[in-house]
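So the structure is just underneath, and the comments pick up after that.
The values are calculated or read from the model by the stated rules, or taken from the named source; none is laboratory data. Every value quoted in this text rests on a predicted model; they were computed, and no experiment measured them. Using ideal geometry, Cβ is built from the backbone for each residue, glycine included, and neighbour counts are taken over all protein chains shown. Just so you know, the surface numbers come from the protein's heavy atoms only, side chains and all, with ligands and any DNA or RNA stripped out. Shrake-Rupley method; radii C 1.70, N 1.55, O 1.52, S 1.80 Å.
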Amino acid sequence: MSHQSPFEHLLCPILLQLPFNAVMAEDGQIYEQSAILEHFEANGHTSPITRAAIGDKLIPSVQIKSLIESAIWDGLITGELADNWKAKEGERNEFDELVRKAEGGDTVAMFSVGLSYFLGEKGVGKDGKAAYEWWKRASDKGNVRGMGIVGSCLLDSVEGIDVENNVASGIMHLTMAAERGSDTACIRLGLVLANGIDDLPKDPSKAVYFLTKGLSGACEHCHAHIDLKEEARVDLRRLKEEVSASDTSP
């Protein structure tokens, strides 16, 4: 698409790509939803174009998306821009298939749908509320990863998920997931026990147990992120040193 193209005004000014989830911000400009949300997170509620303060209201632009889709499939927009947009459409089709499986009771699909909303992938925008709702459905159906992430959300340790803090329920969900072999749940539970939270006191011995189990590599469900593992290793070394010092003190 050349600079003289009548479709150039449809490009998201942040990504310089055709928006798949097109939204209009209060500065009157069309953006890719995930791009403008990331801009708001990094720069506050300002216009990426003028830098002036604007509200946070985003209006889905169905007409613009329809116009882009028609122009691409009619061959009026071609090349890399069209290819990238078609790739996003393919991802969205994959997402729709995941939703179909999730609605049919597939708990792995439920978790994956939630993850797509959390990350803003597969052609959908970031939506923390929808992410948690799908993870909660997976958890309620016995999905181990769902139990673990719901527990973390309830302990207010998942950025971007706004749910009411509930320590007792969070610990319960993490414990269930840990008992069923989730290394992530073991580590998160161990970190909570190592440092305490709200009215829950520290429990170094239990913390060592769960951190050791989570880092062992022997859990049935191994999905822990490398950064979480490193945090666990640091706390585990500290706890062992404290226990050793306590044992040798007069």
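Numbers at a glance
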| read-out | value |
| --- | --- |
| Average accessible surface area per residue within the chain, 1.4 Å rolling probe, Å² | 55 |
| Residues with amide H under 5 Å from that of residue 30, placed H, sequence gap 5 or more | none |
| Calculated percent of Cα pairs over 29 Å apart (choose from (i) 27; (ii) 46; (iii) 37), label | (ii) |
| Qualifying trypsin sites (Lys or Arg not before Pro) in segment 3-70, DSSP loop, other Cβ atoms within 10 Å at most 13 | 51, 57 |
| FRET efficiency estimate (nearest 0.05) - Cβ-Cβ, residue 17 to residue 73, R0 22 angstrom | 0.80 |
| Nearest 10 degrees, 0 to 90: helix 62-73 Cα axis against the chain principal axis | 70 |
| The chain, relative contact order in percent, only Cα pairs under 8 angstrom and at least six apart counted | 10 |
| Fraction of accessible area attributable to carbon and sulfur, the chain (%, probe 1.4 Å) | 51 |
| Cα centre as origin, Lys/Arg/Asp/Glu Cβ charges: the chain dipole, Debye | 520 |
| Cα centroid separation - segment 182-226 against segment 33-94, whole Å | 40 |
| The chain: calculated mean residue ellipticity at 222 nm from DSSP helix runs of at least 4, using -39500 (n - 2.57) | -19000 deg cm²/dmol |
| Cα gyration tensor shape for segment 36-177, rounded if a/c is under 1.5, else prolate or oblate | oblate |
| Where a label projected 7 Å from the Cα of residue 141 along Cα→Cβ would reach, residues of segment 169-187 with amide N under 18 Å | 177 |
| Calculated FRET value between residue 66 and residue 38, using beta carbons and R₀ = 30 Å, to 0.05 | 0.75 |
| Residue 26 versus residue 218: modelled label distance in nm, points set 7 Å from Cα along the beta carbon direction | 5.7 |
| Stretchable slack from residue 242 to residue 52, in nm (0.36 nm times residue separation minus alpha-carbon distance) | 63.2 nm |
| Cleavage-rule hits (GluC sites (Glu not before Pro)) in segment 8-109: DSSP loop, at most 15 neighbouring Cβ within 10 angstrom | 26 |
